[in-house]
Amino acid sequence: MPATTLPPWAIELKNPPPYKPKSSIPDPPGYPSSQPSNSKKDKKTAPKRDPPSPEEMDTLKLKKAWEVALAPIKSLPMTAIMMYMSGNSLQIFSIMMVVMAFKNPIMGILGTNQAFERFETETNKGKVLQVKLVYVVMQIVALALGVWKVNGMGLLPTTRSDWLAWEAQREPVEFAVPGL
């Protein structure tokens, strides 16, 4: 039997060609170069950065805490549009929207301390307490949006006819007898 020879592409798969260095075009600024560089030269040109002071860290943590505190209000317009578009009828989509409108703020209020514990230090406790209060107010605003939707669906007892079962029957002052 004659020996079978492999086609050239199969030989290249088994033995890939050697790596060819890049052309003379340099990498763009900020792009890590695959070529070895002079580390001494890079260390001299790069400015040395000092670690942030405790005051700077507190400021950064407070900024992040404010971002967390204002996050619920940023999602409110989209939630309001979704609630408006779902209509006021009792359907599965509108019911799911109402459940999420109540569940998310309640879970947010219950998890307030856990949401801000990574930002709290001994020096910024008072400021973080203010941020927590704003966070709770934002969650209450989100709850109010859910109450608005439930009221629009007619599920809140806000009219007199909703309370007729507990209203006493009136005693008539005079009676009328129809004529024969």
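The values are calculated or read from the model by the stated rules, or taken from the named source; none is laboratory data. It should be emphasised that the depicted structure is a prediction, and the values quoted were computed from it without experimental measurement. Cβ: placed from backbone, ideal geometry, glycine included. Neighbour counts: every protein chain shown. For accessibility, only protein heavy atoms count, side chains too; no ligands or nucleic acids. Shrake-Rupley method; radii C 1.70, N 1.55, O 1.52, S 1.80 Å.
When you look at residue 89, is it more than 16 Å from the chain's Cα centre (by Cα), closer than 30 Å to residue 154 by Cβ and part of a loop (DSSP other than H, G, I, E, B), yes or no? Yes.
Whether a residue is within 18 Å of residue 117 (Cβ to Cβ) and part of a helix (DSSP H, G or I) was assessed, and residue 67 passes this test.
Scanning region 132-154 for residues that are open to solvent by 40 Å² or more (accessible area, probe 1.4 Å), free of Cβ contacts under 8 Å to residues at least 60 places away in the same chain and either farther than 20 Å from residue 109 by Cα or touching a Leu at 6+ places or on another chain (Cβ under 9 Å) (or both) yields a count of 2. Given the structure, is residue 59 closer than 30 Å to residue 134 by Cα, modelled with pLDDT of 80 or more and of a type in the set (S, T, N, Q)? Considered against the rule, which asks whether it is closer than 30 Å to residue 134 by Cα, modelled with pLDDT of 80 or more and of a type in the set (S, T, N, Q), residue 59 comes out as yes. Taking every residue in region 79-106 that is at positive phi and pairing it with any residue that is assigned to a helix (DSSP H, G or I), at least 6 positions away or on another chain, the pairs with Cβ-Cβ distances below 7 Å are 87/94. Checking 36, 47, 52 one by one, the residue that is out of contact with any helix residue (DSSP H, G or I) (no Cβ under 6 Å at 6 or more places or on another chain), surrounded by 10 or more Cβ atoms within 10 Å (Cβ to Cβ), at pLDDT below 90 and in a loop (DSSP other than H, G, I, E, B) is 52 and no other. Inside region 98-131, residues that are open to solvent by less than 30 Å² (accessible area, probe 1.4 Å) and modelled with pLDDT of 90 or more make up a count of 11. One residue alone among 167, 117, 171 is of a type in the set (D, E, K, R) and under 28 Å from residue 65 (Cα atoms), and that residue is 117. The test for being more than 27 Å from residue 54 (Cα to Cα) and open to solvent by 100 Å² or more (accessible area, probe 1.4 Å) holds for residue 92.
In this entry, residue 177 is excluded by the filter for residues that are open to solvent by 70 Å² or more (accessible area, probe 1.4 Å), closer than 20 Å to residue 104 by Cα and either at pLDDT 90 or above or part of a loop (DSSP other than H, G, I, E, B) (or both).
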